[in-house]
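Some notes on the structure that comes next.
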Amino acid sequence: MVCNPGSGAANRESSVQKSSTKSRPTGLWFEEDGLFNLDEEGRIEKQQFAVAASNVVRNFSFMPDNEVIMGQHRHCLETLFQCLADYVTEDEELVTNALETIVNIGPLIDLRIFSSSKPSFIKMTEKRAVQAVMGVLGSAVKAWHCAAAELIGRLIINPDNEPFLLASATQINKRLVDIMSQPAIDAQAAAIGALYNLSEINMDCRLKLASERWAIDRLLKVIKMPHPVPEVCRKAATILENLVSEPQNKPFLLVHENAFAEMLFGDPRYSDIFSRILYELTSRPSNKMASARGIWGM
């Protein structure tokens, strides 16, 4: 336990104060020598304890046998998401540890636990949890962007989490598209992985993504570079294929028809996807221009 150093007189005075406040036991915490009234040195030491504890919890999350237990432990999840929510004021290492822990157990997290009958220790809700992740995703610390994007991609795998994440779909799409433009290839991969999972959910997700400015351009850019991991390029191409499956998206995609044709005759690893994209774009024209330009077939 950490407390302020003091003279004997101060200690005697504290004893008098304690004895005079027996009728209000919670008053102790607000006295000068209370646990939560630490001096600067005490606060730093307490912060070090918190970081050390977060390291232990993070290490636990790497062990498969612990994932289920941690993913169903409400107090653990509340604490971790609260660390993300306080990213502006919390120690950067503490936030990093909390973020990496949640990513590790992400596929097993059901956000409905925050409204379950399990005992709650911190006022955390499904909405606040998503907002906490979005805060980190848009923070100035670029090292967090990759993990936050990956976390969204893992949380959305659970259908029970969809309503809470899709409520912020527009903001999520915009942020992930922004991350695709970053030079860090791991962040690009995480953003595309999350967008891939989102585009697989429903029509509304595909419509919102296609209308997001720069989304199609940046997906094509990742493939053209190309990204050093072929699977990332294939996911980017598959996202485009998912988008073209919605007739309402054709105006957004038709302006890139020449780029799709280049891809078709470019890397053979993705030619099958782009042949299907071009076929879908022109086989069922939604306007006169598309009809006049429909020259591709299977």
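The values are calculated or read from the model by the stated rules, or taken from the named source; none is laboratory data. All values reported here derive from a predicted model rather than from experimental measurement. Here Cβ is always computed from backbone atoms with ideal geometry, including for glycine, and neighbour counts include all displayed protein chains. Remember, those area values only see protein heavy atoms, side chains included, never the ligands or the DNA or RNA. Shrake-Rupley method; radii C 1.70, N 1.55, O 1.52, S 1.80 Å.
Taking 0.36 nm per residue of sequence separation and removing the Cα-Cα distance, the SER271/SER245 pair yields an extension gain of 7.6 nm. Between ALA143 and LEU207, residue separation times 0.36 nm minus the direct Cα-Cα distance comes to 20.1 nm. Ranking LYS250, LYS127, LYS235, LYS46 from most to least accessible surface, computed with a 1.4 Å probe over the protein chains only, gives LYS127, LYS46, LYS235, LYS250. At a probe radius of 1.4 Å, what is the per-residue accessible area of TYR270, in Å² to the nearest 10? Answer for TYR270: close to 10 Å² accessible. Per-residue accessible area (protein heavy atoms, 1.4 Å probe) orders THR170, THR79 as THR170, THR79, starting from the largest.
For the range 126-239, relative contact order (Cα pairs under 8 Å, six or more residues apart, normalised by length) works out to 24 percent. Measuring between alpha carbons in the structure, the pairs from LYS174/LYS221; LYS174/LYS208; LYS46/LYS127 lying more than 19 angstrom apart are LYS46/LYS127. For the range 66-89, backbone nitrogen atoms closer than 19 Å to the point 7 Å from ASP178 Cα along Cα-to-C-beta are found at 84-89.
Among TRP214, TRP144, the order of accessible area from largest down is TRP214, TRP144, computed with a 1.4 Å probe on protein heavy atoms. About the centre of its Cα atoms, the range 133-184 shows a dipole size close to 180 debye [charges on the beta carbon of Lys, Arg (+1) and Asp, Glu (-1) only; nearest 20 debye]. In plain terms, the chain from GLN47 to ASN66 could stretch by 4.3 nm, reckoned as 0.36 nm per residue minus the Cα-Cα distance.
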